[in-house]
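Report on the following structure.
The values are calculated or read from the model by the stated rules, or taken from the named source; none is laboratory data. Everything quoted here is computed from the prediction, not taken from an experiment. Cβ placement follows ideal geometry from the backbone for every residue including glycine, while neighbour counts extend to all protein chains displayed. Just so you know, the surface numbers come from the protein's heavy atoms only, side chains and all, with ligands and any DNA or RNA stripped out. Shrake-Rupley method; radii C 1.70, N 1.55, O 1.52, S 1.80 Å.
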Amino acid sequence: MRWYYVYRHIRLDTNTVFYVGKGHAKRAYSKSDRNRYWGRITKNFEWKVELIETDLSEEEAYSREIYWIDYYKKLGQCEANFQLDGVS
């Protein structure tokens, strides 16, 4: 069984979260298959990766990813995440 995690990308200039995702292996550190807003932010600002939750099933990771995106959106963050009807 693969174990998943939920991660966040943080802008170092503002110390704010601009992206939350779920993944396994090295997904949190990958620069491929990202949207253009993510690309613009990472091109113009220094950033870091933090794992929020680990050792999750894929279903748990998906649910927790939605939770964390909603949480940070309410704080005015996660500008590179898009959600439609609970799907990021």
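Evaluate the Kirkwood expression for the hydrodynamic radius of the chain, namely the inverse of the mean inverse distance over all pairs of different C-alpha atoms, and round to one decimal in Å. Kindly include the intermediate steps, with their values, before the conclusion.
Details: mean 1/r = 0.0765 Å⁻¹.
After inverting the pairwise mean of 1/r, the radius is 13.1 Å.
Which of the GluC sites (Glu not before Pro) found in the chain are loop residues per DSSP with 10 or fewer other Cβ atoms within 10 Å of their Cβ?
Numbers: sites: E46, E50, E53, E58, E59, E60, E65, E79; in loops: E46, E79.
Those that pass, being in a loop and sparsely packed, are E46.
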* Asked: Among K22, K31, K48, which one shows the biggest mean-square fluctuation in a GNM of the chain, springs joining Cα atoms closer than 10 Å?
  -> K31
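Keeping all protein chains in place, calculate the accessible area per residue for the chain (probe 1.4 angstrom), answer in Å². Mind dumping the intermediate values first?
Values: 5660 Å² over 88 residues.
Each residue of the chain exposes 64 Å² on average to a 1.4 Å probe.
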* Structure fact -> Sorted by accessible surface (1.4 Å probe, heavy atoms of the protein chains only), largest first, D13, D55, D33, D70 come out as D33, D55, D13, D70
* Does a label point 7 Å from the Cα of V49, set along Cα-to-beta-carbon, have any residues of segment 1-33 with amide nitrogen under 11 Å, and which are they? -> 7-9, 23-32
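Tally up the carbon and sulfur contribution to the accessible surface of the chain as a whole percent, 1.4 Å probe, everything protein left in place. Walk me through the intermediate numbers first.
Working: 2790 of 5660 Å².
Here carbon and sulfur together make up 49 percent of the probe-accessible area.
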* Give me the accessible area of V17, 1.4 Å probe, in Å² rounded to the nearest 10. => 10
